[in-house]
Amino acid sequence: MAGKDVLSAKTPESFKDHYYPLLMEQYKLYVNMADKVSGRRDNINKLFLGIMTILLGGVGVSLNSGKATPFPLVVSVMGMLFCYIWHQIINSYRQLNSGKYRIVHQIEDKLPVKPYDAEWEALGKGKDPELYVPISHVEERIPILFGVAYAVIAVISIILLVLSVRV
């Protein structure tokens with residue numbers, strides 16, 4: 001696919017004087033769509049943070065009850081599954097945004113200035129943590145940390161259940 005321009009449907013000449021205004025309008029719409037994907041991504045993260053808060057609250061209440069029950073273990077397994085799904089969704093959104101911004105850069109090749117391309121260059125293309133750490137690299141750690149917390153809770157729950165059976 002390298003070298004092939006899959007973005008352009010027709011030549012600029014076929015649009016006469018309308019090409020650049022149409023290109024600019026499509027560019028604005030496409031950048032707006034990319035921003036909306038980021039907004040949906042934020043909403044998904046808020047949803048999962050809410051789920052994690054509810055699950056951890058339930059585990060905390062159960063562990064403080066003084067009774068060894070399988071509830072914390074069940075909730076921990078559910079929490080780990082939610083963390084896995086959350087992590088996959090974050091990766092999917094990162095891939096989707098990467099694709100969208102590759103298209104933005106292709107559109108900018110046809111414009112007088114390339115602000116997103118220039119910004120990405122100024123940020124070291126996300127490869128220099130002194131300049132910029134991509135948010136997806138940070139946000140993908142959150143479900144991992146919650147997953148580790150749920151794994152620890154699961155181990156503690158198993159220990160408490162084993163000890164309560166022996167008593």
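Some notes on this structure:
- For Kirkwood radius over Cα pairs in Å, calculated from these coordinates, the label among [x] 19.7; [y] 22.9; [z] 16.4: [x]
- 11 Å cut-off, amide nitrogen to a point 7 angstrom out along residue 114 Cα→Cβ, residues in the stretch 120-163: 120-121
- For the chain, averaging the sequence separation of C-alpha pairs within contact (under 8 Å, six or more residues apart) and dividing by the residue count gives a relative contact order of 30 percent.
- The candidates 22, 56, arranged from most to least accessible area with a 1.4 Å probe in the full protein assembly, appear as 22, 56.
- Per residue accessible area of the chain, 1.4 Å probe, in Å²: 67 Å²
- Per-residue accessible area (protein heavy atoms, 1.4 Å probe) orders 94, 41 as 94, 41, starting from the largest.
- Over the residues of the chain, the helix contribution to mean residue ellipticity at 222 nm works out to -26000 deg cm²/dmol, using -39500 (n - 2.57) for each DSSP H run of at least 4.
- In the chain, the longest principal axis of the Cα atoms and the axis of helix 141-166 are about 10 degrees apart.
- Pairs of Lys residues in the chain that lie 8 or more places apart, or on two chains, and have C-alpha atoms under 22 angstrom apart add up to 24.
- The listed residues 159, 44 rank as 159, 44 when sorted by accessible area, largest first, using a 1.4 Å probe.
- Phi angles of the stretch 39-48 translate, via the Karplus equation with coefficients 6.51, -1.76, 1.60 and θ = phi - 60°, into HN-Hα couplings of x, 5, 4, 4, 5, 4, 4, 5, 4, 5 Hz per residue; Gly and Pro are given as x.
- Solvent-accessible area of residue 87 with every protein chain in place, 1.4 Å probe, in Å² to the nearest 10: 40 Å²
- Electrostatic bookkeeping for residue 47 treats Lys and Arg as +1 and Asp and Glu as -1; over the other residues with beta carbon under 12 Å from its beta carbon, the sum is +2.
The values are calculated or read from the model by the stated rules, or taken from the named source; none is laboratory data. All values derive from a computational prediction rather than experimental measurement. Cβ coordinates were reconstructed from backbone atoms using ideal geometry, including for glycine residues, and neighbour counts include every protein chain displayed. To get the accessible areas, we keep the full protein, side chains included, count just its heavy atoms, and leave off ligands, DNA and RNA. Shrake-Rupley method; radii C 1.70, N 1.55, O 1.52, S 1.80 Å.
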